[in-house]
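Derivation of every value follows stated rules applied to the coordinates shown; laboratory data play no part. Predicted model, so just to flag it, every value in this text is computed and none were measured. Note: ideal-geometry Cβ built from the backbone for every residue, glycine included; neighbour counts use all protein chains shown.
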């Protein structure tokens, strides 16, 4: 019952990967699992992200209690500012 998890923006840098998989049963379990897996950098960014399940924002459903099933795609999307990337010397989001 694996779900695919993808990251975009600063949360991708915090996770250190573009995507991963999980067997979590709901979004809350997934966030807790990823927080342990990726540590403090991820925890510091996750509260700033939009979380989508199969393209739909969890804020329009059951939020963190949103159930996950095999084949779902969970996206962690975070806006980033171009100026922040320029100050850091480039854009690694390509």
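Points worth noting:
- Stretch gain in nm, segment residue 1-residue 17, where the contour uses 0.36 nm per residue and the Cα spacing is subtracted: 3.7 nm
- Space enclosed by the convex hull of the alpha-carbon atoms of the range 3-87, per residue, Å³: 86
- Peptides 17-27, 61-71 ordered by packing proxy, namely the average of other Cβ atoms within 10 Å per residue, highest first: 17-27, 61-71.
- Contour excess over end-to-end distance, with Cα ends at residue 35 and residue 73 and 0.36 nm allotted per residue: 11.9 nm
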